[in-house]
Amino acid sequence: MGDPHECPYLPGRIAREEAFRASDFPPDLYHDFMDHGFRRSGHLFYRPACEQCSECRALRIPVLRYKPKKSQRRILNKNRDIVVSIDSPRLSAEKHRIYADYLAVQHRSSQENSADDLYRFLYCSPVNTVELVYRLLDRIVAVGIADLSSRSLSSVYVYFDPEFSYRSLGTFSVLKELMICRDLGVPHYYMGFLVADCSSMSYKARFEPCEILDPSFVWQPYPAATSSRSPN
């Protein structure tokens, strides 16, 4: 069990995680762990274990039931000139520069952003991880990291060049990953944790229909979110 620390999502609350490390993890076994509330960061697998809060809830989308809303179709259309490739994750100087700019501009973040930190965070994985590279006229504009198994595609992280934030690349990446799930015959798309009262997280419930993992580790339908904020 990890040490208590300040919650990164809800001010004034204390968070704690149950966690373990693994150097090699079968993809479908990781899927089973996600169905028990776990997520992955590098070689660390964790799930919330807060004593007085249960707001972090795993969220997934049943792929074949999903239909994009009108606003989401507009984003697909706006980005129809972007070419997406899928391959094994490979870090480069260009990607590191985009990641550092993304943190500085989008999140005003002071977290470590050296190439080594980025590698440990996203490019060092014990599961079957793929990288989606979004290019506009051969220029990389966004990068997505996702974990793939026969039963799920789990979005790990997406970062993009802030110069192209007007294209709503965060939402576009979700839509493209859902399309990839459909093409590969993967039945569920996992989006990580939903925190309904955190504006930077609540956008996830806009991709409907979606399901949330209840405390007994059963997936339940989740109602439409009321938040007006979405990723850019």
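Some notes on this structure:
- Residue in the range 91-98 that is surrounded by fewer than 18 Cβ atoms within 10 Å (Cβ to Cβ), among the hydrophobic types (A, V, I, L, M, F, W, C) and under 16 Å from the mean Cα position of the chain (by Cα) present: no
- Scanning the range 190-202 for residues that are modelled with pLDDT of 85 or more and either under 10 Å from the mean Cα position of the chain (by Cα) or among the acidic types (D, E) (or both) returns Y190, M191, G192, F193.
- Output for the range 48-67, where each listed residue is of a type in the set (K, R) and under 30 Å from D3 (Cβ atoms): R57, R60
- Flag if Y166 is of a type in the set (F, W, Y), surrounded by fewer than 19 Cβ atoms within 10 Å (Cβ to Cβ) and within 12 Å of the chain's Cα centre (by Cα): no
- The sole residue among F160, F172 that is closer than 25 Å to R57 by Cβ, among the aromatic types (F, W, Y) and in contact (Cβ under 8 Å) with a residue 60 or more places away in the chain is F172.
- Within the range 89-121, considering residues that are aliphatic (A, V, I, L, M) and at pLDDT 95 or above, the one nearest to V156 (Cα to Cα): L91
- Residue check, N113 free of Cβ contacts under 8 Å to residues at least 24 places away in the same chain, assigned to a loop (DSSP other than H, G, I, E, B) and not charged (D, E, K, R): yes
- Which numbered condition F20 fails, given (1) in contact with a Cys (Cβ under 8 Å, 6 or more places away or on another chain); (2) assigned to a strand (DSSP E or B): (1)
- In the set (1) closer than 23 Å to V218 by Cβ; (2) surrounded by 15 or more Cβ atoms within 10 Å (Cβ to Cβ), P68 fails one condition alone, (1).
- Test: residue in the range 84-102 that is more than 30 Å from F164 (Cβ to Cβ) and in a helix (DSSP H, G or I): no
- I61 being in contact with a Phe, Trp or Tyr (Cβ under 6 Å, 6 or more places away or on another chain) and part of a helix (DSSP H, G or I): no
- For S125, the conditions (1) touching a Lys or Arg at 6+ places or on another chain (Cβ under 9 Å); (2) of a type in the set (G, A, S); (3) assigned to a strand (DSSP E or B) are fulfilled apart from (3).
- Test: residue in the range 63-76 that is touching a residue at least 60 places away in the same chain (Cβ under 8 Å) and under 23 Å from L137 (Cβ atoms): yes
- Considering only residues in the range 27-56 that are part of a loop (DSSP other than H, G, I, E, B) and in contact (Cβ under 8 Å) with a residue 60 or more places away in the chain, the one that is surrounded by the most Cβ atoms within 10 Å (Cβ to Cβ) turns out to be C56.
- Answer residue from the range 198-225, given it is aromatic (F, W, Y) and assigned to a strand (DSSP E or B) and is surrounded by the most Cβ atoms within 10 Å (Cβ to Cβ) among those: Y222
The values are calculated or read from the model by the stated rules, or taken from the named source; none is laboratory data. This one's a predicted model, so the numbers in the text were calculated from it and none came from an experiment. All Cβ positions, glycine included, derive from the backbone under ideal geometry; neighbour counts span all protein chains shown.
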